[in-house]
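The values are calculated or read from the model by the stated rules, or taken from the named source; none is laboratory data. Since the model is a prediction, treat every value here as computed from it, not as a measurement. In this analysis, Cβ positions are derived from the backbone assuming ideal geometry, glycine residues included, and neighbour counts consider all displayed protein chains.
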Amino acid sequence: MVRVKKTFQRRSLRKKLFKFGFLVIIFLIVLNIYLLITSDLLKIKNVEFRNKSICIDEKEFKNSLNLSNQFLLFINKKSIETKIKEKYPCLKSASIHLYPMKISIDVQDRDAILNLIATPSSFLVDDNGTIFSEGSQNNLPRLFISGENIKLGESIGDYSKKTAEVFNKIQSLGITIEDASLNEAGILEIQTKPKILVNIKNDFENKLASLQLITVQAKIEGKELELIDLRFKNPVVKYISGKN
């Protein structure tokens, strides 16, 4: 009987020690979580940029994010990146990187390839067709379009990329582009000497290749070009009257 009683007491003691140890472990875990949450390690104390942007004001940018003292655990990177790009159309990309006590932001500006003119306003457009800033740059060609409700962040599709391709080809021939206009049918009218017409909705790449042949042939023959129309299967060339 004595042995049975002692065995029972030992088992009871083990259970009590196990329960006590389990409670101690739970307490330590909760305490560590509490200390971690209340410490500054998981709070945002600094927002920094990995690279510089010329299209945003860093101070205003940081204030608009309102991330100071927020918990890193609750930060939704994708949501913040989306909000940044919506608020600042001039940024091509924005990515968030989380570190103890700070957030690092990597931004990339858009590069303008042409001035989009929708009278009386002017905008800058990148190679993806995104309208990302008001104003214009002197070193870029101007593309006139009809439209009254143009907004920042909108896209004109691949028209800008195709237009830039046409511009680059023409300028590579030493022809200076003054202005250009684009209508809804995709007809690009380029004010140069000579004037050039291109339908950028069709397969225009091969037709652009004929530009050099036409200009070289005109020089050889001593003729002055007035118009090169590349909208059709075969180019239509018009010379200045009295000089052909």
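Residues are listed down the side, and each one gets a yes or a no for (1) modelled with pLDDT of 70 or more; (2) closer than 30 Å to residue 107 by Cβ; (3) among the charged types (D, E, K, R):
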site: 40; (1), (2), (3): no, yes, yes
site: 48; (1), (2), (3): yes, yes, yes
site: 52; (1), (2), (3): yes, yes, yes
site: 59; (1), (2), (3): yes, yes, yes
site: 70; (1), (2), (3): yes, yes, no
site: 77; (1), (2), (3): yes, yes, yes
Subject >> Qualifying strands (runs of 3 or more DSSP E) (wholly inside the range 173-219; at least 3 residues being within 15 Å of residue 236 (Cβ to Cβ), at pLDDT 80 or above and more than 30 Å from the chain's Cα centre (by Cα)) >> reply: 195-199
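Only one residue in 151, 162, 195, 169 is farther than 22 Å from residue 111 by Cα, without any contact (Cβ under 8 Å) to a residue 60 or more places away in the chain and not aliphatic (A, V, I, L, M). Which one? Spell out the reasoning first.
On the way: 151 fails: farther than 22 Å from residue 111 by Cα; 162 fails: farther than 22 Å from residue 111 by Cα; 169 fails: farther than 22 Å from residue 111 by Cα.
Only one candidate qualifies: 195.
Within the range 220-231, take every residue that is outside any helix (DSSP H, G or I) and out of contact with any helix residue (DSSP H, G or I) (no Cβ under 9 Å at 6 or more places or on another chain) and give me the one that is farthest from residue 191 (Cα to Cα).
We begin by selecting, within the range 220-231, every residue outside any helix (DSSP H, G or I); these are 222-231.
Among the residues that remain, those that are also out of contact with any helix residue (DSSP H, G or I) (no Cβ under 9 Å at 6 or more places or on another chain) are: 222, 226-227, 229.
Working: 222: 22, 226: 11, 227: 10, 229: 12 Å.
Out of the qualifying residues, it is 222.
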Original post:
Of the numbered conditions (1) more than 19 Å from residue 161 (Cα to Cα); (2) surrounded by 15 or more Cβ atoms within 10 Å (Cβ to Cβ), residue 200 satisfies every one except a single condition; which is it?
Top reply: (1)
Subject >> Pick from the range 97-110, criterion of a type outside the set (S, T, N, Q) and touching a strand residue (DSSP E or B) at 6+ places or on another chain (Cβ under 6 Å), ranking: farthest from residue 167 (Cα to Cα) >> reply: 102
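Within the range 66-109, which residues are on the phi > 0 side of the Ramachandran plot and out of contact with any helix residue (DSSP H, G or I) (no Cβ under 9 Å at 6 or more places or on another chain)? Walk me through it before giving the result.
Initial filter on the range 66-109 (on the phi > 0 side of the Ramachandran plot): 66, 69, 101.
66, 69, listed by residue number.
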